[in-house]
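This report concerns only the one structure given below.
The values are calculated or read from the model by the stated rules, or taken from the named source; none is laboratory data. Just so we're clear, the structure is a prediction, and the values are computed from it rather than from any experiment. Virtual Cβ from ideal backbone geometry, glycine too; neighbours counted across all protein chains shown. Just so you know, the surface numbers come from the protein's heavy atoms only, side chains and all, with ligands and any DNA or RNA stripped out. Shrake-Rupley method; radii C 1.70, N 1.55, O 1.52, S 1.80 Å.
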Amino acid sequence: MESNGTVGNHGLEGDPDLQFLLVGGKLIKIRSSSWKKNRFFKLQEDCKTLWYESHKTFRRKQTFSIDDIDSVRKGRQSEGLNKHTLSSVEDQCFSIIFKGSKKNLDLMAADKDEAKQWVNGLDKIMSNMNNLSRQQKSEHWIINCMRKADKNDDNKMTLKELKHFLRQVNIEVDDTYAAEIFKKCDESNSGSLEGPEIKHFYDLLTYREEIDVIFGQSAQTEGQMSASDLHNFLLNEQREPVSMEDTLKLIEKYEVDETAKQKKCMTKDGFLMYMHQEEGSILNPAHKQVYQDMHQPLNHYYISSSHNTYLMADQLKGPSSTEAYIKALMKSCRCVELDCWDGANGEPVIYHGYTLTSKVLFRDVIKAIKDFAFKTSDYPVILSLENHCTVDQQKLMAHYLISILGDELVSKPLGYDMPTNFPSPEELKRKFLIKGKRLNKLDAALNNNSFIEEDTVSEEDEAADCKESDQNAKSKKSKIKLAKELSDIVIYCKSVHFSGFEHAKEMQAFYEMSSFKESKASKLAETSATAYIHHNMDKLSRIYPAGSRTDSSNYNPVPMWNAGCQIVALNFQTPSKEMHINQGRFLPNGSCGYVLKPEFQRSLSSQFDPCALSEGPWLKKKTFNVMVISAQQLPKLNKDKQKSIVDPLVRVELYGVPADNASKETHYIDNNGFNPMWNEKFVFDVNVPELAILRFVVEDYDSTSQNDLIGQYCLPLTSVQNGYRHIPLLTKRGDVICSAGLFVHLMLIDAR
């Protein structure tokens with residue numbers, strides 16, 4: 001099979017950084033202060049795989065795909081490099097951060113120029129791969145598989161290699177069918193395929209019957225779509241209010257045949273290109289940017305929030321790490337938690353109290369937060385402090401917060417007058433808010449006449465929650481002395497105990513907020529939803545998982561959002577259905593970590609109750625028709641087993657108010673992960689579309705045990721595009737599975 005260094009890297013040919021990577025070079029791999037080894041690294045000719053020598057006896061060389069890389073960090077920006085190298089080599093260091101749970105690769109180049117070339121080269125290849133369309137991605141995926149199947153590297157494929165290839169691409173074919181495809185393609189009767197025969201074979205393999213049918217129904221002009229045909233398709237099938245001018249732009253953008261383009265027509269190839277782009281995706285492209293009003297008070301938004309952010313695994317003995325904060329912030333999490341305890345040498349530390357989880361320095365965490373808070377979103381980050389420190393270490397905490405965060409820390413109310421409401425996310429761009437206890441009212445921050453030095457406050461002790469039963473709830477509030485320095489930088493998020501909605505309404509200021517354990521919040525959301533929604537119209541509420549969840553599992557966030565709660569904190573480190581729903585909820589609005597609540601959760605006259613629906617502006621009854629048509633290139637789950645082909649099924653789930661919760665699934669298809677076809681139709685009745693979240697799940701059917709997850713995708717129903725749509729698939733951890741996808745037809749219409 002032909003190999004060149006530009007597969008999937010169009011536009012990078014001759015690039016000096018790319019050439020540098022293809023030649024390769026020595027880097028020092030760093031694991032600890034004493035483990036620093038020279039290793040040779042080089043980019044493979046396919047420009048998609050990095051090779052490096054390994055000195056483990058059972059594997060002399062090792063490779064990983066560029067697709068597996070989440071990001072490349074320049075300098076000593078990983079926990080390992082920070083700990084095990086000196087600041088003098090800052091410019092020579094870089095880290096390769098992987099998707100999922102694979103450990104970072106910490107590296108040091110010979111000098112700063114080489115380090116720069118490695119980082120620039122890798123960044124260029126990654127952004128090039130991300131910019132490839134789904135169609136191009138699936139092409140290079142197939143070419144790559146063909147190359148792997150060409151066992152003897154003779155650029156020809158025998159029937160045996162062909163069968164191996166089919167298994168690679170997740171298709172089980174019986175011998176007669178394999179021989180049939182082979183015979184059809186082997187026009188030269190040579191017993192192997194080469195050149196154009198392989199291309200023919202590839203075309204047979206990538207044929208999309210369902211796209212053919214859709215194209216055939218709309219193309220009224222000699223096997224092509226005229227601009228008028230395409231315009232009708234967009235209006236009637238895709239339900240998009242497009243002009244003829246928009247239609248011509250699509251032809252200009254996606255048509256691959258120049259002659260057709262000149263005639264203002266679209267061929268089947270051009271149509272397939274369009275269907276695979278963001279215009280053909282399920283997610284409304286307008287929602288990929290920040291499109292909501294960001295000038296409302298802060299408490300009018302759902303805020304993407306993490307619980308026990310410092311943990312990488314479970315709550316009892318897992319590692320604590322600055323890396324966990326970086327990962328959460330890079331996913332646009334906007335509220336992180338810091339459990340602060342007295343550490344050795346007078347230095348406060350963060351860990352899960354009363355357990356064996358490892359400890360990380362408070363100072364290091366604040367530095368990491370400062371460096372990574374605004375990489376993916378400019379909107380404010382709330383630091384939720386659970387404070388168990390003595391006064392001296394609290395003073396040091398305040399010192400670190402003020403000196404490290406600098407002007408970005410909100411240390412007094414915005415403006416000159418005592419505020420009566422929260423500032424907006426827009427006004428708080430690139431700012432940090434501290435959530436914690438405060439010794440006095442906020443007006444003291446404006447008067448500068450407070451003489452309180454320190455005093456005793458009760459600290460809600462979530463950590464104790466996991467070692468004591470609920471009957472013992474009283475003892476979970478430990479009394480601590482609070483340092484004035486730490487108290488003074490708590491401005492808009494003062495933690496107070498919740499004593500009921502009436503008490504809060506009469507006695508609490510807008511900036512005084514409560515934290516609710518999931519069971520308490522769940523009960524309130526069920527029995528007093530309207531009161532809870534009104535409470536959240538002028539105050540913030542934070543919800544956190546029960547301490548009994550020692551495995552870091554998660555609760556369902558949807559009922560909390562239904563009750564208007566903003567800070568619904570989940571264990572970001574745990575891949576789970578609940579985290580998929582959270583990722584879906586915050587996918588639109590530019591994935592900025594803030595989503596504006598519906599009007600009926602912000603309007604004082606609202607009597608909305610999600611558990612007892614009555615007439616009101618929230619009731620917008622819809623019928624949602626979903627046709628699950630097909631899937632493409634579903635990954636094999638057990639890559640070690642030669643014969644393992646998936647038996648896929650698709651489940652469509654809806655989460656929202658209790659009346660809207662529903663789940664429907666297709667039959668499973670035997671032994672086909674490459675192009676399974678279902679053509680199954682489902683109908684959902686939706687009462688409150690503004691609170692509904694849609695989830696697609698693809699599973700590998702197993703009659704003897706629980707089905708395995710192949711991929712999933714989640715988004716709010718209000719961000720769904722009607723018509724024929726492609727859906728990308730994500731892993732359990734939320735990373736995109738290259739080239740895999742679902743193809744569906746969707747129609748959300750007013751109920752009759």
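Suppose the filter is under 17 Å from the mean Cα position of the chain (by Cα), surrounded by fewer than 21 Cβ atoms within 10 Å (Cβ to Cβ) and under 30 Å from residue 563 (Cα atoms); does residue 733 pass it? Full working, then the answer.
Details: under 17 Å from the mean Cα position of the chain (by Cα): yes; surrounded by fewer than 21 Cβ atoms within 10 Å (Cβ to Cβ): yes; under 30 Å from residue 563 (Cα atoms): yes.
In short, yes.
Yes or no: segment 665-679 includes at least one residue that is open to solvent by 40 Å² or more (accessible area, probe 1.4 Å), of a type in the set (Phe, Trp, Tyr) and either modelled with pLDDT of 95 or more or under 23 Å from residue 554 (Cβ atoms) (or both).
yes
Taking every residue in segment 547-562 that is under 18 Å from residue 339 (Cα atoms) and pairing it with any residue that is hydroxyl-bearing (Ser, Thr, Tyr) and buried (at least 16 other Cβ atoms within 10 Å of the Cβ), at least 6 positions away or on another chain, the pairs with Cβ-Cβ distances below 6 Å are 552/574.
Residues in segment 504-546 that are open to solvent by less than 10 Å² (accessible area, probe 1.4 Å), farther than 18 Å from residue 442 by Cβ and among the hydroxyl-bearing types (Ser, Thr, Tyr): 532, 541. Annotation note: Cβ proximity below 6 Å between a residue of segment 696-708 that is touching a residue at least 40 places away in the same chain (Cβ under 8 Å) and a residue that is among the small types (Gly, Ala, Ser) and buried (at least 21 other Cβ atoms within 10 Å of the Cβ) (sequence gap 6+ or interchain) occurs for 698/711.
To keep it simple, each residue is scored yes or no on (1) surrounded by 14 or more Cβ atoms within 10 Å (Cβ to Cβ); (2) touching a Leu at 6+ places or on another chain (Cβ under 7 Å); (3) in a loop (DSSP other than H, G, I, E, B); (4) not acidic (Asp, Glu).
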{"site": "231", "(1), (2), (3), (4)": "yes, no, no, yes"}
{"site": "234", "(1), (2), (3), (4)": "yes, no, no, yes"}
{"site": "238", "(1), (2), (3), (4)": "yes, no, yes, yes"}
{"site": "248", "(1), (2), (3), (4)": "yes, no, no, yes"}
{"site": "253", "(1), (2), (3), (4)": "no, no, no, yes"}
{"site": "260", "(1), (2), (3), (4)": "yes, no, no, yes"}
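Looking at segment 626-635, is at least one residue without any contact (Cβ under 8 Å) to a residue 60 or more places away in the chain and either of a type in the set (Asp, Glu) or within 23 Å of residue 714 (Cα to Cα) (or both)? Don't jump to the end; show me each part of the working.
Just the residues of segment 626-635 that are without any contact (Cβ under 8 Å) to a residue 60 or more places away in the chain, to begin with: none.
The answer is no, given that none of the residues of segment 626-635 is without any contact (Cβ under 8 Å) to a residue 60 or more places away in the chain and either of a type in the set (Asp, Glu) or within 23 Å of residue 714 (Cα to Cα) (or both).
Scanning segment 563-602 for residues that are in contact with a His (Cβ under 6 Å, 6 or more places away or on another chain) and open to solvent by 10 Å² or more (accessible area, probe 1.4 Å) gives a single hit, 602. If the condition is being touching a Gly at 6+ places or on another chain (Cβ under 9 Å), farther than 25 Å from residue 579 by Cα and surrounded by 22 or more Cβ atoms within 10 Å (Cβ to Cβ), then segment 326-382 contributes 349, 362.
Does segment 657-678 include one or more residues that are touching an Asp or Glu at 6+ places or on another chain (Cβ under 9 Å), under 17 Å from residue 729 (Cα atoms) and either free of Cβ contacts under 8 Å to residues at least 12 places away in the same chain or acidic (Asp, Glu) (or both)? Yes, there is a match, as at least one residue in segment 657-678 is touching an Asp or Glu at 6+ places or on another chain (Cβ under 9 Å), under 17 Å from residue 729 (Cα atoms) and either free of Cβ contacts under 8 Å to residues at least 12 places away in the same chain or acidic (Asp, Glu) (or both).
Checked against (1) surrounded by fewer than 14 Cβ atoms within 10 Å (Cβ to Cβ); (2) free of Cβ contacts under 8 Å to residues at least 24 places away in the same chain, residue 295 meets all criteria but (2).
Assess whether residue 94 counts as being assigned to a strand (DSSP E or B) and either at pLDDT below 90 or among the polar types (S, T, N, Q) (or both).
On the way: assigned to a strand (DSSP E or B): yes; either at pLDDT below 90 or among the polar types (S, T, N, Q) (or both): no.
When the stated conditions are applied, residue 94 does not pass them.
Scanning segment 2-59 for residues that are assigned to a loop (DSSP other than H, G, I, E, B), surrounded by 15 or more Cβ atoms within 10 Å (Cβ to Cβ) and at pLDDT 85 or above returns 15, 24, 44.
Residue-wise test of (1) among the β-branched types (Val, Ile, Thr); (2) open to solvent by 10 Å² or more (accessible area, probe 1.4 Å); (3) at pLDDT 80 or above.
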{"position": "426", "(1), (2), (3)": "no, yes, yes"}
{"position": "431", "(1), (2), (3)": "no, yes, yes"}
{"position": "438", "(1), (2), (3)": "no, yes, yes"}
{"position": "443", "(1), (2), (3)": "no, yes, yes"}
{"position": "457", "(1), (2), (3)": "yes, yes, no"}
{"position": "483", "(1), (2), (3)": "no, no, yes"}
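In summary, residue 605 fulfils each of the numbered conditions (1) at pLDDT 95 or above; (2) small (Gly, Ala, Ser); (3) open to solvent by 10 Å² or more (accessible area, probe 1.4 Å); (4) farther than 20 Å from residue 329 by Cβ with the single exception of condition (1).
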